[in-house]
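Data first, discussion second: the structure below is written as structure tokens.
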Amino acid sequence: MTTSILITGCSTGIGYYCAHALHNAGFHVIASCRKQEDVYRLTHEGLTCIQLDLNDEQSIANGFEQALKLCDGKLDALFNNGAYGQPGAVEDLPTKVLKQQFETNFFAWHTLTNLAIKHMRSHGSGRIIHNSSVLGLVALPFRGAYNASKFALEGLTDTLRMELIGTDIQISLIEPGPIASKFRENAKQAFVDNINIEDSPHRQDYLAQMDRLAAQRAPQPFTLEPQAVYKKLLHALTAKKAKPRYYVTFPTYFMGYLKRILSTSWLDKILIKNR
């Protein structure tokens, strides 16, 4: 029987690659994008694609209902992937901007996850995979909004995993480090749009970061292609017992190791140096 899966954030990057790769592997993929023009583009490429805006609760409900119809009333898996990063020092973050970060990266995922759990309980099984980040394991300066959303996601997922014991609904976290995508490009735009650089006590740090972003042509060190995430996603979908966590890229493995062996103060020194 063909496995059906709903994937969010498929316009580019990880979601785009995984939607195509799973489709080619024989899965019944329902991809979703926020913008209608991206829905048209992915549909033209041969995918089943729907519009789903993570910042609109009604759009989430409508999208989930549409996904159920497209898979004949039985959705086997959900891959929560759609997210973005809002840079900026915590003291420079307007509260409304922090709320927007959580709306997309956390609250929307909670809404979709609850819809999926209710549906999967009625059918007796399912898989839910959350695409987290190395920044759900450790924090970096000037990434407080994104750090907070991913730390919250990690806590919610760990709780759900324990609450779902006794069911055949498995929930996993994928924790990538740097992956080739438009993530940094989108983060830079969010930085410019929402942070008052000139009036910040961190102005010099911000300007240095902007210079680095503008000068970068090659990927960050240890950057992998989205295929690396796909391999972990495929295991989480097909293994008899999915892992609770899947690390992706050397920085994630390394930071996970350092967090276990170092004191907080020593880890802070390393993270600040490598920000």
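Checking each residue in segment 231-246 for being closer than 17 Å to ASP76 by Cβ and of a type outside the set (A, V, I, L, M, F, W, C) picks out HIS235, THR238, LYS240, LYS241.
The residues in segment 147-181 that are over 25 Å from GLY13 (Cα atoms), of a type in the set (A, V, I, L, M, F, W, C) and either part of a strand (DSSP E or B) or under 18 Å from the mean Cα position of the chain (by Cα) (or both) can be counted, and the count is 3.
When LEU75 is tested against (1) more than 26 Å from PRO178 (Cβ to Cβ); (2) under 15 Å from the mean Cα position of the chain (by Cα), just one condition goes unmet, and that condition is (2). Just a yes or no: is a residue in segment 59-67 farther than 21 Å from HIS130 by Cα, outside any loop (DSSP other than H, G, I, E, B) and among the acidic types (Asp, Glu)? Among the residues of segment 59-67, not one is farther than 21 Å from HIS130 by Cα, outside any loop (DSSP other than H, G, I, E, B) and among the acidic types (Asp, Glu), which makes the answer no. Of the set (1) of a type in the set (S, T, N, Q); (2) touching a Gly at 6+ places or on another chain (Cβ under 9 Å); (3) free of Cβ contacts under 8 Å to residues at least 60 places away in the same chain, all apply to GLN36 but (2). Within segment 135-159, residues that are of a type in the set (Val, Ile, Thr) and surrounded by 21 or more Cβ atoms within 10 Å (Cβ to Cβ) have Cβ atoms under 7 Å from residues that are modelled with pLDDT of 95 or more and not in a helix (DSSP H, G or I) in these pairs: THR157/HIS130; THR157/ILE171; THR157/LEU173, counting only partners at least 6 apart in sequence or on another chain.
The values are calculated or read from the model by the stated rules, or taken from the named source; none is laboratory data. Predicted, not measured: the structure shown is a model, and the values here were computed from it. Every residue, glycine as well, gets a Cβ built from its backbone with ideal geometry; the counts of neighbours run over all protein chains shown.
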